[in-house]
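> Sharing a structure with you now.
The values are calculated or read from the model by the stated rules, or taken from the named source; none is laboratory data. Being a predicted model, the structure only gives us computed values, none of them experimental. Because the Cβ atoms are built from the backbone with ideal geometry, glycine has one as well, and the counts that use them run over all protein chains shown.
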Amino acid sequence: MTIKLAIDDLTIHRIVEQETTFLPALEMLPGLTPELLEENKPWMRQANAIDEADVLILCFQSYVVKTPHHTILVDSCIGNDKPRPLRPKWNMKTDATYMRALAVAGVSVDDIDYVMCTHLHVDHVGWNTRLENGRWVPTFPNARYLFARDEFDYWTEQHAKTPIAPFGDSVLPVVEAKQAEIVNYDFEIGDHARILPTPGHTPGHVAFAFGRGKDSAVVAGDLMHSPLQARYPQLSAKFDVDGTQAATTRRNFLERYCDTDTLCCTAHFPSPSTGKIRRWGDGFSCKAI
């Protein structure tokens with residue numbers, strides 16, 4: 001599935017690989033109480049954010065952002081042929097969904113100028129590489145792949161202690177192919193793409209802001225996984241390396257973009273996944289446009 005959005009001088013395509021149940025809400029968000037979940041279930045079900053068994057529904061997707069000068073892919077989803085035994089829906093996947101969605105958006109792998117990773121978790125780096133003659137090679141042959149230095153250094157250190165499959169099959173082959181750029185937070189692409197540090201989910205997690213002279217759109221990565229975390233920014237996910245920092249980062253991000261015209265593009269909210277940040281009680285919502 002692909003969805004096209006136009007904002008200022010940007011064109012943004014959602015490239016959806018999966019939209020599916022993931023984990024029970026009370027497991028995914030350890031700070032969530034049964035009472036708070038019960039209170040919020042009506043609107044969450046209406047938003048298709050939770051199923052009848054109280055399992056969160058997440059979208060797994062990339063964003064293709066076309067500026068006047070570049071075609072940029074943000075996060076590369078799950079990928080094919082990757083051994084992911086802990087996630088049956090991802091393990092050794094061979095479907096054509098992702099490549100078909102790119103084609104529907106009018107984008108070929110040759111068209112991508114930059115691949116920008118918000119962080120290096122398994123479902124954000126999968127299509128960085130593809131299997132060719134038994135070897136992992138960069139999927140996007142003409143792209144420079146951008147990894148934030150703090151994030152890359154963190155996973156390099158972790159991988160040295162205990163091999164991490166996604167880092168080994170979806171990040172290191174890009175480095176070996178000399179298509180990687182390890183960048184600092186002040187890195188920019190022309191006057192249209194900037195890095196916004198958003199640590200907590202991982203130590204070097206970043207968001208990406210797009211637009212000339214202003215943030216017309218921001219791709220938030222795993223700053224938040226469910227609309228419930230916008231409503232209650234204090235709820236951090238079980239996968240956050242530093243849940244306290246993630247909660248602070250999330251609230252600061254939501255305050256920054258609240259009641260502005262910036263389009264927030266989330267990684268995992270159910271469709272339509274994008275919207276404007278608006279205040280909702282003591283929290284926020286990502287209001288679809």
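> Output the residues belonging to region 267-279 that are in a strand (DSSP E or B) and either at pLDDT below 95 or buried (at least 16 other Cβ atoms within 10 Å of the Cβ) (or both).
THR274, GLY275, LYS276, ILE277
> Another question, if that's okay. Out of ILE50, ILE15, which single residue is touching a residue at least 24 places away in the same chain (Cβ under 8 Å) and either under 16 Å from the mean Cα position of the chain (by Cα) or surrounded by fewer than 13 Cβ atoms within 10 Å (Cβ to Cβ) (or both)?
Sole residue among the options that is touching a residue at least 24 places away in the same chain (Cβ under 8 Å) and either under 16 Å from the mean Cα position of the chain (by Cα) or surrounded by fewer than 13 Cβ atoms within 10 Å (Cβ to Cβ) (or both): ILE15.
> Continuing with this model, one more query. Could you tell me which of the residues PRO199, PRO141, PRO173, PRO203 is under 19 Å from ARG84 (Cα atoms), at pLDDT 95 or above and either of a type outside the set (A, V, I, L, M) or in a loop (DSSP other than H, G, I, E, B) (or both)?
PRO173
> What is the residue count in region 91-105 for residues that are in contact with a strand residue (DSSP E or B) (Cβ under 8 Å, 6 or more places away or on another chain) and either under 23 Å from TYR145 (Cβ atoms) or without any contact (Cβ under 8 Å) to a residue 12 or more places away in the chain (or both)?
Residues flagged as in contact with a strand residue (DSSP E or B) (Cβ under 8 Å, 6 or more places away or on another chain) and either under 23 Å from TYR145 (Cβ atoms) or without any contact (Cβ under 8 Å) to a residue 12 or more places away in the chain (or both) within region 91-105 amount to 5.
> For region 91-98, state whether one or more residues are aliphatic (A, V, I, L, M), within 19 Å of ALA237 (Cα to Cα) and either out of contact with any Gly (no Cβ under 8 Å at 6 or more places or on another chain) or at pLDDT below 95 (or both).
No, that holds for no residue.
> Is there a residue being more than 26 Å from ASN48 (Cβ to Cβ), without any contact (Cβ under 8 Å) to a residue 40 or more places away in the chain, surrounded by fewer than 23 Cβ atoms within 10 Å (Cβ to Cβ) and of a type in the set (Ser, Thr, Tyr) anywhere in region 211-219?
no
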